[in-house]
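Worksheet for the structure shown next.
The values are calculated or read from the model by the stated rules, or taken from the named source; none is laboratory data. These numbers come from a predicted model, not from an experiment. Cβ atoms come from the backbone with ideal geometry, glycine included; neighbour counts cover every protein chain shown. Keep in mind that these areas ignore ligands, DNA and RNA; they rest on the heavy atoms of the full protein, side chains included. Shrake-Rupley method; radii C 1.70, N 1.55, O 1.52, S 1.80 Å.
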Amino acid sequence: MKSDAYLIKWLKAKKFDVNEAKEALDKTLVWRKETGADNLPYEDFSKLDKGYPIDFTVRDTSGRPVILIPFNDWNVRRKALEGKVVSDLGRRMDFIEENAAQLTYNLTGDSTSMLIADLNGFSLTKHSCIGCIPFYLNFVRHHELHYPYSLYKLYGINAPAVVLPIIRLVTPLMTESTRDAFHIFGYDREEFRKNVLETIAPENLPFRYGGTKTAKLGKDKMKLLAVN
């Protein structure tokens, strides 16, 4: 986290205003200490692995990590009813961000990653209930505050129309760089496939995400390569 590439992110986020960049970085360092962010890759998330799966095993053609999230499997409403939508799922998203940050530094040095979320099955009851809203707000806020300029691309694929209100809600919270990286596609497989496969070999990407790999996410054990 002490690389020049990491520090440049903060300068870019604050339009190269050194004082503002230093202030933002200082606040994040305090947040990291208070939340134990350095230990996130080693934290035990076994209780969430089955119901809220993530795949860190894919790489693009440059070696950049590609994080896959089968969002239909994520029952956000359940955690909202438990009162844990931020404490559990917010922490889960910080875990994704931290692993991605470490992987990008370890593998490519360019400190950006790609995230693809399969939104097929996204529903009003399971994903966009009133109690679910803090999850999305928390994710975008944490990303912008603590992981600026870390996304190469963020793709949402197989997105139904019911996801649009959430998109409209969180987009104003995004910086220009995040908005530029953010792309939503409907059910036209060829359309999202054309974009996703620009930098990923199809044989390395599971079929549901536009590739030709037949193994389904969730059947293989999730590999947390950032801690190896």
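Observations on the structure shown:
- Of the solvent-accessible surface of the chain, computed with a 1.4 Å probe over protein heavy atoms with every protein chain present, carbon and sulfur atoms account for 55 percent.
- Taken as Cα centroids, region 172-216 and region 68-127 sit 16 Å apart, rounded to the nearest whole angstrom.
- Across all Cα atoms of region 91-163, the radius of gyration (one decimal) and Dmax (whole number) stand at 13.7, 40 Å.
- With the simple model of a label 7 Å out from the Cα in the direction of the Cβ, Asn204 to Asn75 spans 3.5 nm.
- When the square roots of the Cα gyration tensor eigenvalues are ordered a ≥ b ≥ c, the ratio a/c for region 114-153 is 1.5 or more and a/b does not exceed b/c, which makes its shape oblate.
- Three-way shape label, region 62-105, alpha-carbon gyration tensor, a/c 1.5: oblate
- Among the listed pairs Lys50/Lys79; Lys84/Lys153; Lys9/Lys153, those beyond 18 Å (Cα-Cα): Lys84/Lys153
- Spin-label model, Asp180 to Glu82: label points 7 Å out along the Cα-to-beta-carbon direction sit 3.9 nm apart.
- In the elastic network of the chain, a GNM with C-alpha springs shorter than 10 Å, the most mobile of Leu205, Leu115, Leu169 is Leu169.
- Subtracting the Cα-Cα distance of Ser123 and Asn39 from their residue separation scaled by 0.36 nm leaves 26.9 nm.
- For the chain, the calculated P(r) over all alpha carbon pairs, in 10 Å bins from 0 to the bin holding the longest distance, is 7, 33, 40, 18, 2 percent.
- For region 4-99: span of alpha carbons on each principal axis (Å, largest first): 42, 37, 23
- Solvent-free Debye scattering, log10 I(q)/I(0), computed from the Cα coordinates of region 30-149 at q = 0.11, 0.16 Å⁻¹: -0.37, -0.80
- Potential lengthening between Leu137 and Phe16 on full extension [0.36 nm per residue; Cα-Cα distance subtracted]: 40.9 nm
- Share of alpha-carbon pairs per 5 Å distance bin for region 122-205, given as whole %: 3, 12, 21, 22, 19, 16, 6, 1
- Inter-label distance for Lys27 and Leu169, nm, one decimal - labels placed 7 Å from Cα along Cα-to-Cβ: 2.3
- Axial C-alpha extent at least 24 Å, average Kyte-Doolittle at least -0.5 - helices from the chain (DSSP): 89-107
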